[in-house]
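For reference, the structure discussed in these notes is given below.
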Amino acid sequence: MAIRDYESKDGKMIFAGMNVEDIANEFGTPCYVTDEARLRENYRNVYKAFSKYMETEVHYACKANTNLAILRILQQEGAGIDAVSIGEVLTCLKAGFSPDKIMYTGVFVSTEELKQVAETGVLINLDSEYEMERLAQIKPGAPVSFRITPEVGSGHGEKVITGNKGAKFGIPRDRVVETYLRAQDLGLNPIGIHAHIGSGGQRVEPFIEEAEVLAELINQIEEAGISLQFVDIGGGIGVPYKPNEEEMDLGEMASEVTDVFEQNTNVRKIILEPGRYIICDATVLLTRCTDVKDAGIKKYIGVDAGFNTLIRPAMYDSYHYIQNGSRFGKACTAKYDIAGPICESGDYLGHERVLPEPAEGDVIVVYNAGAYGFSMSSNYNSRPLCAEVLVNDGKAELIREKEKIEEQWRHQIIPERLQ
Ligand SMILES: *Cc1c(COP(=O)(O)O)cnc(C)c1O
């Protein structure tokens, strides 16, 4: 099995040394549960793979999950941060990252946000020429890098490919050199170059193509008189979500990508921005079976997590492997759709999964739920945001309380005249 597998003890799933039923009993469901050891291991895997060849910084793309405890663990590991909003920048500062460990990459950034980000002192990775002109006014002399459009795209679906020609992201390839020169004229200090081709790609080739485009641009920029200190290849390293899916060879990616820069350029420092790879398989979503329904042509396992809790299946048609943690390893006897409590037919976690016959209260485990899981959850149907739990060394700790229903009213106002 190429996705992460778990032990079974007395028919119960063991996650990071704990029975998933005990976690569900203590913290309630739905809840996201993260294995701290696995999180650290994933970070170290990427760092080790690349630092073997080049000076390396791994910037965790925190939009995958911005829980302060998770950020703190990565800060302890020595990670940097890829932040895409002022909210993420401030959250990472709060978690203990110093500004020089954070790089901000926005798209269609408002002047107000640009000013706020500039004030924090983090490195700004510019996405457009107009953003550059405004930053030159706001913060003369600021060090910057540019996100360029590599015209190479990769990802698990249409909606998450970002590097293709015509994408809304980055400086168009044929305008890159003149943009660097213009930045210098405006008094900015261009020190790096960045691209991000998309999310969840499972092949090495697009990353090599991306590296070749970046290498060519680095050399053109250098010929124009500007030498760069780093190249940032973005994130997008995919992980297997299906049992039989192969893992991408990180060692091969590291060796081939760094080779492109070492052979062809003078840049000796590489930055990567993995989000998914670092947190995805460190976390599962625990949800309870609330009902079992035979709809004639289909059977349903009703659960207490819907697309308000995990939107990826509904939004991207993403596949998440699902098991019954209360009957783990038991004979699978029928095919079920696993669906949540949201009043829409698109609310499901999985289709046609062969599972043991469940009963109300069973803990259903959704695998690979760490990336773009909690961070994309919502209050739809006025359901509170769920709890997050961290497991370390067989002990579980709460890292986010389940929201209270009243908290959903706290910013709402009934005008006086309606009272
Ligand atoms: C989302 C994003 C990433 C991370 O993508 P993953 O697929 O989670 O690795 C990296 N860099 C930028 C600029 C992003 O927007």
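The values are calculated or read from the model by the stated rules, or taken from the named source; none is laboratory data. Keep in mind that what you see is a predicted model, and the values were worked out from it rather than measured. Heads up, the Cβs are rebuilt from the backbone with ideal geometry, glycines too, and the neighbour counts pull from every protein chain shown.
List of remarks:
- Residue match in the stretch 224-240 (condition: β-branched (V, I, T), in a helix (DSSP H, G or I), closer than 19 Å to V176 by Cβ and touching a Lys or Arg at 6+ places or on another chain (Cβ under 9 Å)): no
- For beta carbons closer than 7 Å, sequence separation of 6+ or different chains, a first residue in the stretch 46-64 that is outside the structural domain of D232 (by TED's automatic domain parsing) and a second that is more than 15 Å from the ligand (Cβ to nearest atom) and of a type in the set (D, E, K, R), there are no qualifying pairs.
- Residue check, D249 over 17 Å from E57 (Cα atoms) and either within 12 Å of the ligand (Cβ to nearest atom) or more than 20 Å from the chain's Cα centre (by Cα) (or both): no
- Of the strands (runs of 3 or more DSSP E) lying entirely inside the stretch 1-93, those containing at least 3 residues that are within 28 Å of E273 (Cβ to Cβ) and within 16 Å of the ligand (Cβ to nearest atom) are 55-61, 80-83.
- Scanning the stretch 31-74 for residues that are among the hydrophobic types (A, V, I, L, M, F, W, C) and under 15 Å from the mean Cα position of the chain (by Cα) gives L39, V46, V58, A61, C62, A64, L68, I70, L71, L74.
- Leading residue by the ranking (surrounded by the most Cβ atoms within 10 Å (Cβ to Cβ)) among those in the stretch 90-120 that are of a type in the set (V, I, T) and in contact with a helix residue (DSSP H, G or I) (Cβ under 6 Å, 6 or more places away or on another chain): V117
- Among residues of the stretch 319-338, those that are aliphatic (A, V, I, L, M) and in contact with an Asp or Glu (Cβ under 6 Å, 6 or more places away or on another chain), counted: 0
- Qualifying positions in the stretch 284-330 - among the polar types (S, T, N, Q) and either without any contact (Cβ under 8 Å) to a residue 40 or more places away in the chain or within 19 Å of H156 (Cα to Cα) (or both): S318
- Here the stretch 252-267 is the region considered, the condition is being assigned to a loop (DSSP other than H, G, I, E, B) and buried (at least 18 other Cβ atoms within 10 Å of the Cβ), and the residue that is nearest to the ligand (Cβ to nearest atom) is V267.
- Of all residues in the stretch 206-246 being of a type in the set (G, A, S) and within 22 Å of the chain's Cα centre (by Cα), the one that is farthest from the ligand (Cβ to nearest atom): A211
- Any hit, the stretch 130-149, residues being out of contact with any strand residue (DSSP E or B) (no Cβ under 7 Å at 6 or more places or on another chain), of a type outside the set (D, E, K, R) and within 16 Å of the ligand (Cβ to nearest atom): no
- Within the stretch 180-211, tally of residues that are touching a helix residue (DSSP H, G or I) at 6+ places or on another chain (Cβ under 6 Å) and in a helix (DSSP H, G or I): 5
- Of residues in the stretch 71-87 being crowded, with 18+ Cβ neighbours inside 10 Å and either free of Cβ contacts under 8 Å to residues at least 12 places away in the same chain or touching an Asp or Glu at 6+ places or on another chain (Cβ under 7 Å) (or both), the one nearest to T120 (Cα to Cα): I86
- Per the conditions (1) free of Cβ contacts under 8 Å to residues at least 60 places away in the same chain; (2) within 15 Å of the ligand (Cβ to nearest atom); (3) in a helix (DSSP H, G or I), the sole criterion not satisfied by Y104 is (3).
- Residue identified as within 16 Å of the ligand (Cβ to nearest atom) and among the charged types (D, E, K, R) among E352, E273: E273
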